[in-house]
Amino acid sequence: MVTTHPDYLTKSGYDSVPCMAHNAALSGDVETKLDEADRMAKETTVRYDTDEVFGRVKARIPDSERA
């Protein structure tokens, strides 16, 4: 098995699990954004409902990429 990052093989040998360092590299930006959101939630009383949040997200996705 050839990979571009270090893996740990599972007991069965058929699957691999990314090592912690690789997993951290993949999710680092997400964790940073979640930490930022937590800080903002503590510092302000502004809240958005799901319709507004998902509406903003959908508006940023081109029609050609929507499922």
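Each reported figure results from applying straightforward, stated rules to the coordinates on display, with no laboratory input. This is a predicted model, so every value here is computed, not measured. With ideal geometry, Cβ positions are generated from the backbone for all residues, glycine too; neighbour counts draw on all protein chains shown.
Across segment 15-67, counting alpha-carbon atoms alone, Rg and Dmax equal 16.0, 45 Å. Charge dipole of segment 19-67 (Cα centre as origin; +1 on each Lys and Arg Cβ, -1 on each Asp and Glu Cβ, all else neutral): 80 debye, rounded to the nearest 20.
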